[in-house]
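FYI, it's all coordinate maths here, none of it is from the lab. Remember, predicted model here, so these are calculated numbers, not experimental data. Every residue, glycine as well, gets a Cβ built from its backbone with ideal geometry; the counts of neighbours run over all protein chains shown.
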Amino acid sequence: MPQRMTDQEWEAQNRGPHPGRTPAELTALGICWHCSGNGVTYTAFGGNQRAVPCAENCDNGKVPR
Ligand SMILES: [Zn+2]
């Protein structure tokens, strides 16, 4: 059984594969700034960890061209 992430670790996934980049830099790279290229955003509250589809109409984390 995989180890359970803490809520903090779960939400840290929102930083995606490009931590430290600004939204403008991500957009310039063709990556959705909202979900950092994940296609989903991660929310956790009291151990209830959920992955929510990105609210932007991105293509699985990429900016539609
Ligand atoms: Zn997105």
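The peptide list 21-29, 9-17, put in order of mean Cβ contacts within 10 Å with the highest first, becomes 9-17, 21-29. Fraction of C-alpha pairs exceeding 12 angstrom in region 26-65: 52 percent, rounded to a whole number.
Sorting the segments 32-40, 45-53 by their mean number of nearby beta carbons within 10 angstrom, highest to lowest, gives 32-40, 45-53.
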